[in-house]
Every structure is written in C-alpha cells, then in structure tokens.
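Here is the structure we will look at.
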Amino acid sequence: MGQDFYTKDLGIAASLLTLGIKMKKIKWDQRIAFFTFENKNNECSSYAHNYNFGKVMVNAKTFHLNLRMLKRELFLQAGSENTVEKIA
C-alpha cells in the first residue's frame, strides 16, 4: 500500500475523484488547501503527471460535478476555520 498523495491542484483533485480514487481529507497550510488521496499502488503520481500533459481521459460531466463539489467544500471549510485540519 502506498503513502497518501497530496495535491493543491484543483483540476488534478477533480480528475482523481473522477477516476475513482478515494479522497481522505483536505488539509490546510495557512490559506492553501491540500487534497489528500489514498495512493494504492502509487498510481496518483502517474495520473497527476498524465493530467498535466493532457493524457487523462475522464467523463466530462462527472469531472465537472466533482470540480464543483470540491470548490463548494473549499468555500465551506474556509468559512469555518475551527473545523479545518491544519498542517503542523
């Protein structure tokens, strides 16, 4: 089992969700959000690399819905700082 995968890129996070990778939590470092994903078989780095080169194929509607959900979650967490997990 691989270590957790972290990204602050909203597009990569939405892609990973669309590919079926489980998101564990969102961590904050001051005002920057880091999405934490399960990284079984160390596949997330490969997906992130391929995303950056336009080689990830996902369902556009599902991607869009995941992107909206992540944005909504970020705005909710940013508004309630006492429930947000901070990076130590």
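Which residues in the stretch 17-39 place their backbone N less than 11 Å from a point set 7 Å from the Cα of residue 8 along the Cα-to-Cβ direction? Residues 28-35 fall inside that zone. Computed over the chain with a Gaussian network model linking Cα atoms closer than 10 Å, the most mobile of 25, 71, 61 is 61. Here the peptides 73-79, 10-16, 34-40, 47-53 are ranked by packing, the mean other Cβ count within 10 Å, and the order with the highest first is 10-16, 34-40, 47-53, 73-79. For the chain, the number of Lys pairs separated by eight or more positions or lying on different chains, with C-alpha atoms closer than 17 Å, is 17.
Bear in mind that the values in this text are calculations on the coordinates, not laboratory data. The structure displayed is predicted, hence computed values, not measured ones. With ideal geometry, Cβ positions are generated from the backbone for all residues, glycine too; neighbour counts draw on all protein chains shown.
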